[in-house]
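I have a structure I would like to understand better, so I am pasting it below and will then ask my questions one at a time.
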Amino acid sequence: MVYVSAVLEKLINSLGLWEFPCGPGPWKQSADEDPQILQDVLDCPSSPWHQEPTWSPQAAALRRRAVLSHKALTRSSVYRHFTALRLMDQGVTVLDSGLLRLSNLEELVLSANHLQEVPAFLLPVSLTVLELQNNQLRSLSLLTTQPPPRLLYLGLAYNPLGSALDVCSLTGAHWPTLLCLDLSFCDFENQRILLGALSSLPCLRSLLLEGNPCSLGFLYPGLTLDFLPQLSYLDSERVRAEEKEAFRGLALLTGAEQESAHVTVHVGRLRGLPDPTVRNLFAVYTGSTHSSCSLPWSDCMDFSETHHHSVSDLRALKSFVRRGMCVHVVEDKTLSWPAVAEDTAPKPAFKESKGAKGKEPPNKGASTKDKGKDKKRAPPELVQDPPIRTLLGTVHVPLHSLLHSGHTVALCCDFGPQGLDTTEADNTMDKDVRKMVKEDKKREEDSKAEASGKKTDTAKGKAKSVKEVDEAGAWGPLEPITVELCVQLDRWQSAVKAADQPDLRLMAIKLKGENME
């Protein structure tokens, strides 16, 4: 365990208040007439005794005081000297009574430590600022027992808080003077219940809720502004008067889906796919259970698909947004060929007699027109294999900006170039094309063996054309595959628009009447 008093004592000792050039010693006698000599030793950047402590704004002044009047410096006076402490990332796990020695402390920052609980009776009553960001606080019950009576700012961001008991601890009965409350990136999910508790804080003017599951809902931030009309800042943004007016009355609306989120995923154009020679189908899959339609290959494949998702589990949605999602480009290749037609022609009804060899069959007199009809046959039926699915590329899309009061993530996903090697080319070529290439090579070999000039030229010409196709490639230059993607959190822009929703019409008539007045 690491006690906060032990960390503070270590930092104070690092100041060297009772050592050269601060403390008492023979060097003081030579500096009594001109104390500026020792002061220069502290302030000169090239001096080995020069320090710029960042854990307290009063640390540097305390060293200068030790040089000028070291006799008046005692342990108790040192603790009384501090009004602000910033003990960040010091590995503190336990808050002990050592802080009570800091009787004039007004600002205490204990961010990025490992505190699981903060007993309020161990905090100096003079505190006005308490920052506990990025710890391991799971309950606020101990913090609300005798909290500092003059606290103006309370920072609880990045802690696993969000239970019903935590909500009950954030009322005006415990924090009557609180001006600013930072609850960003906690786990508060039910927005109405939380805002009901926060509305009892009489002096609250600044609130941070971004990064909570409730901030992903489509009622946010309108419901917050209607519940807390006294707010001047929400998520570090100035609240305008027109925003408060636009959402006036939203708290009166009720509906079954009020604590849910609406997410829109749009897939635009796909570019950069090499020509697979055969018309394979391509689709785009995203990690939010969205799959586009399949399109045949083209230089620019415009999917233009938009899917809307309604999510009721806001905690799960927050976890998904923090992880981001993966976008896949998938090729579906289907091989087909003509079906083998069975010989269903009727057998002749006469027997060919001896000596009748060379005679014409009885239906010789059939018209030429009928013969032409026989030659026109229906296109052969195609037999198809099951589609062969191939993953052409995967890109991870970060979505964390949606937690930072962002509504939209729009970008062009770059999958890199997709080249086809010889093996892939052979697999994508039609069977007839491969057969033609083999026949051309065979003719070339035969022509060389026969040593026929004319025939050799023809074979060489065909072989050359095949070689040119192989070298040039039918799949174009290697360009990166790109997909246009947009993920958006849908939010209501006014209370009137919210009242028009099918599941929130109970108070619509009353709301519109109030706005008309």
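Residue by residue through the stretch 209-257, note down the ones that are among the basic types (Lys, Arg) and surrounded by 16 or more Cβ atoms within 10 Å (Cβ to Cβ). Talk me through it step by step, then tell me what you get.
So the first thing to find is which residues in the stretch 209-257 are among the basic types (Lys, Arg), and the list is 238, 240, 244, 248.
Answer for the stretch 209-257, where residues must be among the basic types (Lys, Arg) and surrounded by 16 or more Cβ atoms within 10 Å (Cβ to Cβ): Lys244, Arg248.
How many residues does the stretch 97-115 contain that are surrounded by fewer than 18 Cβ atoms within 10 Å (Cβ to Cβ), of a type in the set (A, V, I, L, M, F, W, C) and farther than 13 Å from Leu87 by Cα?
1
Which residue, of Ser288, Ser294, is under 25 Å from the mean Cα position of the chain (by Cα) and either at pLDDT below 85 or assigned by TED's automatic domain parsing to the domain that holds Leu403 (or both)?
Values: Ser294 fails: under 25 Å from the mean Cα position of the chain (by Cα).
Of the residues listed, the single one that is under 25 Å from the mean Cα position of the chain (by Cα) and either at pLDDT below 85 or assigned by TED's automatic domain parsing to the domain that holds Leu403 (or both) is Ser288.
Applying the selection to the stretch 54-102, what residues are under 49 Å from the mean Cα position of the chain (by Cα), in a helix (DSSP H, G or I) and among the aliphatic types (A, V, I, L, M)?
Result: Ala59, Ala60, Ala61, Leu62, Val78, Leu99, Leu100.
Going by the structure shown, is Leu228 under 19 Å from Cys180 (Cα atoms) and either at pLDDT 95 or above or aromatic (Phe, Trp, Tyr) (or both)? Working first, answer last.
On the way: under 19 Å from Cys180 (Cα atoms): yes; either at pLDDT 95 or above or aromatic (Phe, Trp, Tyr) (or both): yes.
Yes.
Would you be able to say whether some residue in the stretch 192-201 is touching a residue at least 24 places away in the same chain (Cβ under 8 Å), small (Gly, Ala, Ser), part of a loop (DSSP other than H, G, I, E, B) and under 25 Å from Ser401 (Cα atoms)?
Within the stretch 192-201, the first condition is being touching a residue at least 24 places away in the same chain (Cβ under 8 Å), and the residues that meet it are 192-201.
Next, only the ones that are small (Gly, Ala, Ser) stay: 196-197, 199-200.
Applying the additional criterion that residues be part of a loop (DSSP other than H, G, I, E, B) yields 199-200.
Those left that are additionally under 25 Å from Ser401 (Cα atoms): none.
No, the stretch 192-201 contains no residue that is touching a residue at least 24 places away in the same chain (Cβ under 8 Å), small (Gly, Ala, Ser), part of a loop (DSSP other than H, G, I, E, B) and under 25 Å from Ser401 (Cα atoms).
Across the stretch 482-499, what is the number of residues that are surrounded by 20 or more Cβ atoms within 10 Å (Cβ to Cβ) and either modelled with pLDDT under 85 or not assigned by TED's automatic domain parsing to the domain that holds Gly272 (or both)?
So the answer is 4.
Looking for something in contact with a helix residue (DSSP H, G or I) (Cβ under 9 Å, 6 or more places away or on another chain), within 25 Å of Arg150 (Cα to Cα) and of a type outside the set (Phe, Trp, Tyr) - is there at least one such residue anywhere in the stretch 241-250?
No - not one qualifying residue is present in the stretch 241-250.
Return the residues of the stretch 86-144 that are of a type in the set (Ser, Thr, Tyr) and touching a strand residue (DSSP E or B) at 6+ places or on another chain (Cβ under 6 Å); say none if nothing qualifies.
Here is the first cut: in the stretch 86-144, the residues of a type in the set (Ser, Thr, Tyr) are 93, 97, 103, 111, 126, 128, 139, 141, 144.
Scanning the stretch 86-144 gives a single hit, Ser111.
Oh, and also: Kindly check whether there is at least one residue in the stretch 154-168 that is touching a Pro at 6+ places or on another chain (Cβ under 6 Å) and either of a type outside the set (A, V, I, L, M, F, W, C) or assigned to a loop (DSSP other than H, G, I, E, B) (or both).
no
The values are calculated or read from the model by the stated rules, or taken from the named source; none is laboratory data. All figures in this text were calculated on a predicted structure; none of them were measured in a lab. Neighbour counts run over all protein chains shown; Cβ positions are idealised from the backbone, glycine included.
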